[in-house]
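Read the structure below first, then the notes.
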């Protein structure tokens with residue numbers, strides 16, 4: 001059974017986002033809407049401003065301008081950022097502990113069981129595989145219980161098989177939440193996205209990507225998905 005989303009769904013509206021780097025604009029007057037309860041995936045070349053836009057939505061803009069109307073968010077980075085001296089269970093409740101709240105260890109154990117780590121609650125991160133560490137990071141994200149989840153290439157360091165499994169797990173556990181996924185992998189975006197945008201140019205603009213008429217997570221063997229992947233790769237290369 002997947003982790004239940006909060007009762008209230010939230011869309012995210014970004015209007016007039018602007019950020020400069022080294023005196024040149026990364027983006028200026030950028031608008032995007034993340035539809036409530038859906039996955040929006042963002043692709044584009046390195047340095048175009050994808051992570052900067054995600055950080056703006058998270059409230060970590062650092063000099064960015066624009067209006068963001070959103071619910072409280074949970075943030076999952078590319079690196080798992082687990083505390084090496086803390087065990088798996090304590091890593092998952094880190095947010096509550098930092099806020100001085102009483103951690104919900106029962107819920108954490110339930111979620112760890114759902115991701116196949118019920119027997120690893122007392123393990124230290126150094127003893128885990130990359131895929132296991134990412135599952136701990138996913139549980140830590142879910143423990144924040146936010147309706148909006150921001151993910152910055154969270155599966156980029158995983159091998160292909162582990163990455164595929166992690167995508168399926170995230171799709172199941174984050175169903176019903178408003179998700180923004182920044183990725184460099186066209187197939188990942190096409191598998192998971194209800195909406196997909198390519199961020200390109202300087203200052204950057206967002207271009208929508210047509211998607212196969214299939215419900216995510218889409219089967220990577222489906223001819224429509226493979227055709228869309230080829231078209232998207234060609235578009236990114238151009």
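The residues of segment 104-140 that are part of a loop (DSSP other than H, G, I, E, B), at pLDDT below 95 and surrounded by fewer than 15 Cβ atoms within 10 Å (Cβ to Cβ), listed by number, are 116, 129. Taking segment 97-125 on its own, how many of its residues are under 25 Å from residue 164 (Cβ atoms) and out of contact with any helix residue (DSSP H, G or I) (no Cβ under 8 Å at 6 or more places or on another chain)? Adding up the residues that qualify gives 3. If you go through segment 156-184 and keep only what is under 13 Å from the mean Cα position of the chain (by Cα), surrounded by fewer than 20 Cβ atoms within 10 Å (Cβ to Cβ) and either at positive phi or outside any helix (DSSP H, G or I) (or both), you end up with 156, 175, 184.
The values are calculated or read from the model by the stated rules, or taken from the named source; none is laboratory data. These numbers come from a predicted model, not from an experiment. Positions of Cβ are backbone-derived with ideal geometry, glycine not excepted, and every protein chain shown enters the neighbour counts.
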